[in-house]
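Undergrad: Handing you a structure now.
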Amino acid sequence: MNQELDEAKELIDQHLDENLEDGELSPYELAQHLKTLKKHDEELFAKYLEKLDPEILGDVAIELPDHMLKDVIDTLPAEKIVEALEELESDDATDLLQYIEDIDEDKARELFNELDKENQNEILRLRSYDEDRAGAHMQTELFSAHLEEKLGSAVARLRQEKQEGKLENVSQLFIIDKNSVLQYAIPLEDLILFDFTKTLKQNIESTQIDHYKPHMANDMDLMQDVADMFQEYDLNVIAVTSSTGILLGRITYDDIHDYIQESATEQIYNLAGVDDESEEDDTLFKAGRGRAVWLGVNLLTALFSSSIIGLFDETIAAYVALAVLMPIVASMGGNTGTQALAVTVRRLALGEIEFKDAKSVLKREVTISLVNGLIFGAIMGVIAAVWFDKGMLGVVISLSMVTNLFFAGFFGTIIPLTLRRFNIDPAVGSAVILTTFTDAIGFFSFLGLAKWILL
């Protein structure tokens, strides 16, 4: 065994040793070490997988890629996986079961049927929401108390539920009325200021009531809007309610972190023209097929650009220098467009701009692109004139670069804004469309000007 494998094995052994308090690993760390075991020794990986306690197994499984999750469901008995699912919070259990279903529908159905009725209902409830809605990401596990309940009684219940492991990451006490409508949210640290012999209502009324007005999200709110609320108010938890104000669950900061990370990953993949699901798959064929679709589209756009070059074959034959300089014009236009595209997509994703802001956004990006076009067009014009000892060739490339960079900035901005206007993810397809425009305009302007000025 090599050093990497030995180290991973030793760290997992320390985690499994109950006598070593400082050897405990997080689910993410365990998942990373299990990846190392699988890479070097499949049997050792299966052996240590079986040793994991159900209490942490579910959290570890969520951190594993799909191909390793398949090993989990193939290696471990269904009873242990069911126990692991029941140990997870409702949102994580729903996610893990969905991951399993994507791999093996029959196995997922078998595991779901073995869950107790309460867990089944929670999962069905969360899965009834669209993925982009707050309700799909909420945890139904939370701690609430009635207005008329004495604080001492509520704290005693909280202590008991924590000791029994029913609650994790509790930072607020949600106060509801007799109809389960959310009224207040009290940070746990503020409870020490209250009188434990009085009801929660009496305690709250003796303070600044507005201080405990809760931040709430409707279960049908978009997750992006919820993420914006977390950022705007610096929250670590938010209550999720129904349209009538009934408390349904909560969304914590780690849920928002996961959502933002997944969204960012998806956008990066989309901008690159690859599919996020196929890229996370271990099968080379599936990953390659996902990329091939966009490569095919790119091939068509490249053929279109080549057809434009073909229109000026006589011009290129007359001035071979044009063939040398063409890639420079296309490259500068492509990079300028990509810069404008990246900035616009990011600002759209963060909610900083919308289609109604198109005029001001376009003005800014086009101005920047035009200024850069003038600067680099002049520089390249001088270089081309000296390089090929022909002043008018420098004029041609200067004018074409100014033209191409201007339109690159324009299309790099307007394409994602237009896609958003029609409720299409601006990251999907923007790069391919942009490349088509910048290449076509770059080649046409450069060769067209050359034919007009030089011939």
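What follows is calculated from the coordinates using simple rules that are stated; it is not laboratory data. Computed from a predicted model, the values in this text were never measured in an experiment. Note that each Cβ is placed from the backbone with ideal geometry, even for glycine, and that neighbours are counted across all protein chains shown.
Undergrad: Take every Cα pair under 8 Å in the chain that's 6+ residues apart, average their separations, divide by the length, and report that relative contact order as a whole percent.
TA: The value is 11 percent.
Undergrad: What's the magnitude of the charge dipole for the chain around its Cα centre, counting Lys and Arg as +1 and Asp and Glu as -1 at the beta-carbon? Answer in Debye, nearest 20.
TA: I would put it at about 3480 debye.
Undergrad: Once R0 is set to 22 Å, what does the formula 1/(1 + (r/R0)^6) return for the Cβ-Cβ distance between Asp71 and Leu295, expressed as a FRET efficiency to the nearest 0.05?
TA: The computed FRET efficiency comes out at 0.10.
Undergrad: Pairing the Cα long axis of helix 430-454 with the longest principal axis of the chain, what angle in degrees results, from 0 to 90 and rounded to the nearest 10?
TA: For 430-454 against the chain, the angle is about 10 degrees.
Undergrad: Still on this structure: Any lysines with Cα under 21 Å of the Lys47 Cα? List them, leaving off those in the same chain fewer than 8 positions away.
TA: Filter leaves Lys9, Lys35, Lys38, Lys39, Lys70, Lys80.
Undergrad: Fewest first, what order do Trp387, Trp294, Trp452 take by the number of other Cβ atoms within 10 Å?
TA: Trp452, Trp387, Trp294
Undergrad: Here's a follow-up. List the GluC sites (Glu not before Pro) in region 338-377 that DSSP assigns to loop (not H, G, I, E or B) and whose Cβ has at most 13 other Cβ atoms within 10 Å. Which are they?
TA: Answer in residue order: Glu352, Glu354.
Undergrad: On each of the three principal axes of the Cα atoms of region 3-128, give max minus min coordinate, whole Å, ordered largest first.
TA: So the extents along the principal axes, rounded to whole Å, are 47, 28, 20.
Undergrad: Applying 1/(1 + (r/R0)^6) with R0 = 45 Å to the Cβ-Cβ distance of Met216 and Ile424, what FRET efficiency is obtained, to the nearest 0.05?
TA: FRET efficiency, Met216 to Ile424: 0.90.
Undergrad: Now for a separate question. Using volume of the Cα convex hull per residue in Å³ as the read-out, say which of (i) 163; (ii) 145; (iii) 211 was calculated from these coordinates.
TA: Looking at volume of the Cα convex hull per residue in Å³ for this model, the match is (iii).
Undergrad: As a check on your grasp of the helix formula, calculate [θ] at 222 nm for the chain: sum -39500 (n - 2.57) over DSSP H runs of n ≥ 4, divide by the residue count, round to the nearest 500.
TA: -22000 deg cm²/dmol
Undergrad: Sequence-distant or interchain residues sharing an amide H contact under 5 Å with Thr241, placed H: which?
TA: Ala217, Asn218, Asp219, Leu248
Undergrad: Between Phe355 and Ala323, what is the spin-label point distance in nm, taking each point 7 Å from the Cα along the Cα→C-beta axis?
TA: With each label placed 7 Å out from Cα toward Cβ, I get 4.5 nm.
Undergrad: To continue, here is another question. Mind checking the angle between helix 358-388 and the chain's longest principal axis? C-alpha axes, 0 to 90 degrees, to the nearest 10.
TA: On a 0 to 90 degree scale, this one is about 40.
Undergrad: Starting from the Cα-Cα distance between Glu24 and Arg364, subtract it from 0.36 nm times their residue separation and give me the gain in nm to one decimal.
TA: The Glu24-Arg364 span can extend by a further 117.2 nm.
Undergrad: Shape of region 288-400 from its Cα gyration tensor (a ≥ b ≥ c, root eigenvalues): rounded if a/c is under 1.5, otherwise prolate when a/b > b/c, or oblate?
TA: Note, shape of region 288-400 comes out oblate.
Undergrad: Given Cβ point charges of +1 (Lys, Arg) and -1 (Asp, Glu) and nothing else, what value in debye, to the nearest 20, does the dipole of region 144-260 about its Cα centre take?
TA: Once rounded to the nearest 20, the dipole reads 660 debye.
Undergrad: Please check the chain for the longest run free of trypsin sites (Lys or Arg not before Pro) that are loop-located per DSSP (anything but H, G, I, E, B) and have at most 12 other Cβ atoms within 10 Å.
TA: 179-455
Undergrad: So, one more: Between Ile414, Met380, Thr435, whose Cα lies farthest towards the positive end of the dipole of the chain when Lys and Arg beta carbons carry +1 and Asp and Glu beta carbons carry -1, centred on the Cα centre?
TA: Of the listed residues, the answer is Met380.
Undergrad: How large is the convex hull of the Cα atoms of region 144-260 per residue, expressed in Å³ as a whole number?
TA: 107
Undergrad: Another question, then. At Thr265 and Asp6, where each label point lies 7 Å from the Cα along Cα→Cβ, what is the point-to-point distance in nanometres?
TA: Those two pseudo-labels are separated by 3.3 nm.
Undergrad: As I understand it, the value is the acute angle between the Cα axis of helix 223-233 and the longest principal axis of the Cα atoms of the chain; what does it come to in degrees, rounded to 10?
TA: Roughly 80 degrees, rounded to the nearest 10.
Undergrad: I've got another one for you. Arrange Thr75, Thr436 by Cβ neighbour counts within 10 Å, fewest through most, would you?
TA: Thr75, Thr436
Undergrad: By how many nm would the segment from Glu205 to Leu124 grow when fully extended, if each residue of separation counts as 0.36 nm and the alpha-carbon distance is taken off?
TA: Extending this stretch completely gives an extra 25.3 nm.
Undergrad: Quick one: order Ile56, Ile251 by neighbouring beta-carbon count within 10 Å, fewest to most.
TA: Lowest to highest Cβ neighbour count: Ile56, Ile251.
Undergrad: Calculate the dipole size of region 273-454 relative to its Cα centre from +1 charges on Lys and Arg beta carbons and -1 charges on Asp and Glu beta carbons; express the result in debye to the nearest 20.
TA: 680
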